[in-house]
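Participant: I have a structure I would like to understand better, so I am pasting it below and will then ask my questions one at a time.
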Amino acid sequence: MLRRLLLVFFSIVLTAGCFAQKKEVSAAKSDIKAGRNLEQAEAKMRELLKDSANRHKTNIWEVLFNAVKKQYDVKNEAIFLKNNPDTAGLFLNARKMFLVYEDYDRIDASPDRRGKVSPKYRKKHAEFLIPFRKNIYSGGMFFVGKQNFAEAYNMFDTYVDCGKDSLFTGYSFMENDSRMPLAIYMALYSAYKIKDTGKTLKYIDMALADTIKLDNKLQYVAETYTALKDTSKLVATLIRGFDTYPKTMYYFPRLFKYYFNIRKDMEKSLQLTDRALAVDSTNMVFLFARSSLMLELGRYDECLDISKSLISRNDTLAEPYLNAGLCFYNQAVKIDNSIEMSRKQKPRLLSLYRSALPYIQKYRALMPDDKQRWGLPLYTIYLNLNMGKEFDEIDNLLRKKDGK
């Protein structure tokens, strides 16, 4: 008896639920037809679809799509009539149309009891959406122009995904769509601009497979790997960038820093600068890197020649003065620290310190806050050259720095 009562109770509840659902769907249809409460109709259908029991109900999906499509039509008409147009809303609704049918296609393509997949609406829905696809691309460009890169990414992501989504099987957008390479680039660019490494990574392989704007893409990819602290992929990207665009002043400085400052690999650093100068023997960035390398290798004459050349071309650059000064200073320190230093070497020692002095003083004038680099050399030079006033000044300065 109790079991029968429970069955009757649940039957009544289920019937009431079905009636309420039909009422909601019917009300949404009426609102869509009348062009009112469209966002509310959309929200109600989305709420119904949260129930797994409703996921396969075609009528709910169609009402949802029609609610979104009607919003698109209203906004399109307003733009045409120039009556309080909402261009952003138009594009956003165009994208939602695609998302609704793509989601439904996954339901429509569910295997039947025999495991057979026979989507009923794929062809019809795809054909309906194709004319609107250009609006997804235009929407991406629109949001880029508005500096809204989050929405721009969503637009381009949806546009590109059409090339892989099952709803558009047979259209071969990846191969046949002339806009696709630029859309992929814009998806990568938008993801990079919002600093979303996951979204950027999604498009790296696709983006780098095409040469369109490759220089820009390689830089975005390098910045992404830098953020992810993936050194091996960063270096590989920089190498590809330098190999392809050696004159772009992005790849060489970062590669040189990696080999020279981080890896301390002088052989790789030398090979890199040789290749760079073979491309452009007058490039000041390449030449300065070469001078720093020569300084590190103790090839002081070469370092000095390059540094003097750079100074003659632009006497406001600070670094060449430091390298030139250190050419003399390092040689003097080596003599000074030698156990076997004799009186005969003293004039040579002082001569080197005197030669170093004007260069390092000039570097200090140009870079007054860089005490870490000019402080000790000037202290040592003033001490050895008996420059009392200058020595006292630098001594006091360095003591303050050390908190003494």
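Participant: For the chain, set up a Gaussian network in which alpha carbons nearer than 10 Å are linked by springs, and say which option among Leu350, Leu92, Leu218 fluctuates the most.
Facilitator: Of the options given, Leu350 has the highest mean-square fluctuation.
Participant: While we're here: Quickly work out the Lys257-to-Ala365 label distance, labels modelled 7 Å from Cα along the C-beta direction, and quote it in nm with one decimal.
Facilitator: With each label placed 7 Å out from Cα toward Cβ, I get 2.9 nm.
Participant: Oh, and also: Which log10 I(q)/I(0) values, to two decimals, does the range 129-210 give at q = 0.20, 0.22 Å⁻¹ under the Debye formula with one point per Cα?
Facilitator: Scattering profile of the range 129-210, log10 relative to I(0): -0.84, -1.00.
Participant: Something else now. Quick one, which of (1) 35, 26, 18; (2) 72, 23, 21; (3) 43, 22, 19 is the actual semi-axes √(5λ) of the Cα gyration tensor in Å calculated for this model?
Facilitator: Here the calculated entry is (2).
Participant: Excluding Leu218 itself, what net charge comes from residues whose Cβ is under 15 Å from its Cβ, given Lys and Arg +1 and Asp and Glu -1?
Facilitator: Numbers: positive: Lys213, Lys217, Lys233, Arg240, Lys247, Arg254; negative: Asp205, Asp210, Asp215, Glu223, Asp230, Asp243.
That sum, taken over residues with Cβ under 15 Å, equals 0.
Participant: Starting from the eigenvalues of the Cα gyration tensor, five times each then square-rooted, give me the equivalent ellipsoid semi-axes of the range 287-404, largest first, whole Å.
Facilitator: Details: eigenvalues 102, 81, 27 Å².
Over the Cα atoms of the range 287-404, the semi-axes work out to 23, 20, 12 Å.
Participant: I've got another one for you. Counting other Cβ atoms within 10 Å, keep those with at most 15, restrict to DSSP loop, and tell me which trypsin sites (Lys or Arg not before Pro) in the range 16-70 are left.
Facilitator: On the way: sites: Lys22, Lys23, Lys29, Lys33, Arg36, Lys44, Arg46, Lys50, Arg55, Lys57, Lys69, Lys70; in loops: Arg36, Lys50, Arg55, Lys57.
Sparse-neighbourhood loop trypsin sites (Lys or Arg not before Pro): Arg36, Lys50.
Participant: Any of Lys69/Lys134; Lys70/Lys199; Lys69/Lys199; Lys164/Lys199; Lys146/Lys193 with alpha carbons more than 19 Å apart? Name them for me. Walk me through the intermediate numbers first.
Facilitator: Details: Lys69/Lys134 16 Å; Lys70/Lys199 31 Å; Lys69/Lys199 28 Å; Lys164/Lys199 16 Å; Lys146/Lys193 13 Å.
Those over the limit are Lys70/Lys199; Lys69/Lys199.
Participant: Using the crude model of +1 on Lys and Arg Cβ and -1 on Asp and Glu Cβ, and no other charge, please compute the dipole size for the range 14-169 relative to its Cα centre, in debye to 20.
Facilitator: Numbers: 28 positive and 20 negative charges, 100 e Å.
Rounded to the nearest 20 debye, it is 480 debye.
Participant: Excluding Thr197 itself, what net charge comes from residues whose Cβ is under 13 Å from its Cβ, given Lys and Arg +1 and Asp and Glu -1?
Facilitator: Values: positive: Lys193, Lys195, Lys199, Lys202, Lys229, Lys233; negative: Asp196, Glu223, Asp230.
Combined, the nearby Lys, Arg, Asp and Glu give +3.
Participant: Comparing Pro181, Pro119, Pro246, which has the greatest mean-square fluctuation in the GNM of the chain with Cα pairs linked when under 10 Å apart?
Facilitator: Ranking Pro181, Pro119, Pro246 by mean-square fluctuation puts Pro119 first.
Participant: Hey, another quick one. On a 28 Å Cα-Cα criterion, which of the cross-link pairs Lys82/Lys217; Lys82/Lys124; Lys23/Lys82; Lys264/Lys346; Lys229/Lys268; Lys257/Lys334 come out too long?
Facilitator: Violating the 28 Å limit, Cα to Cα: Lys82/Lys217; Lys82/Lys124; Lys23/Lys82; Lys264/Lys346.
Participant: Work out the length of the dipole vector of the chain about its Cα centre, built from +1 on the beta-carbon of each Lys and Arg and -1 on the beta-carbon of each Asp and Glu, and round it to the nearest 20 debye. List each step's numbers first, then the result.
Facilitator: Values: 66 positive and 48 negative charges, 223 e Å.
Its charge dipole is roughly 1080 debye.
Participant: Quick one: with all protein chains in place, what share of the accessible area of the chain is carbon or sulfur, to the nearest percent (1.4 Å probe)?
Facilitator: Values: 11980 of 23010 Å².
In the chain, the share of accessible area belonging to carbon and sulfur is 52 percent.
Participant: Next up: Specify the residue with the greatest mean-square fluctuation among Leu270, Leu38, Leu376, computed from a Gaussian network of the chain linking alpha-carbon atoms under 10 Å apart.
Facilitator: Per the Cα network of the chain with a 10 Å cutoff, Leu376 tops the list.
Participant: Can you give the local net charge around Thr231? Use residues other than it whose beta-carbon is closer than 13 angstrom to its beta-carbon, Lys and Arg +1, Asp and Glu -1.
Facilitator: Details: positive: Lys229, Lys233, Arg254, Lys257, Arg263; negative: Asp230.
Around Thr231, the surrounding residues sum to +4.
Participant: Using a 1.4 angstrom probe on the protein heavy atoms only, could you order Lys217, Lys199 from most to least accessible area? All intermediate terms of the calculation are to be shown ahead of the outcome.
Facilitator: On the way: Lys217 0, Lys199 70 Å².
From most exposed to least exposed: Lys199, Lys217.
Participant: Can you find, among Val144, Asn216, Tyr353, the residue sitting farthest towards the positive end of the charge dipole of the chain, where Lys and Arg contribute +1 and Asp and Glu -1 at Cβ?
Facilitator: The listed residue farthest towards the positive side: Val144.
Participant: Could you name the aspartates and glutamates in cross-link range of Lys247, using Cα to Cα under 13 Å and dropping any fewer than eight places away on the same chain?
Facilitator: Reachable aspartates and glutamates: Asp215, Asp280.
Participant: At 1.4 Å probe size, with every protein chain present, just tell me what the per residue accessible area of the chain comes to in Å². Walk me through the numbers on the way to the answer.
Facilitator: Details: 23010 Å² over 404 residues.
Value for the chain: 57 Å² per residue.
Participant: Across the range 217-228, in residue order, what do the Karplus-derived ³J(HN,Hα) couplings come to in whole Hz, using 6.51 cos²θ - 1.76 cosθ + 1.60 with θ = phi - 60° and x for Gly and Pro?
Facilitator: 3J(HN,Hα) across the range 217-228, in whole Hz: 4, 4, 5, 4, 5, 4, 5, 5, 5, 5, 4, 7.
Participant: As a test of the formula, what do you get for the chain when each DSSP H run with n ≥ 4 contributes -39,500 (n - 2.57) and the sum is divided by the residue count, at 222 nm and rounded to the nearest 500 deg cm²/dmol?
Facilitator: On the way: 20 runs with 299 residues, N = 404.
Helix contribution divided over all residues of the chain: -24000 deg cm²/dmol.
The values are calculated or read from the model by the stated rules, or taken from the named source; none is laboratory data. These numbers were taken from a predicted model, which means no experiment stands behind them. Neighbour counts are summed over all protein chains in view; Cβ atoms, including those assigned to glycine, are modelled from backbone coordinates with ideal geometry. In case anyone asks, the SASA skips ligands and DNA or RNA and just uses the protein heavy atoms, side chains included. Shrake-Rupley method; radii C 1.70, N 1.55, O 1.52, S 1.80 Å.
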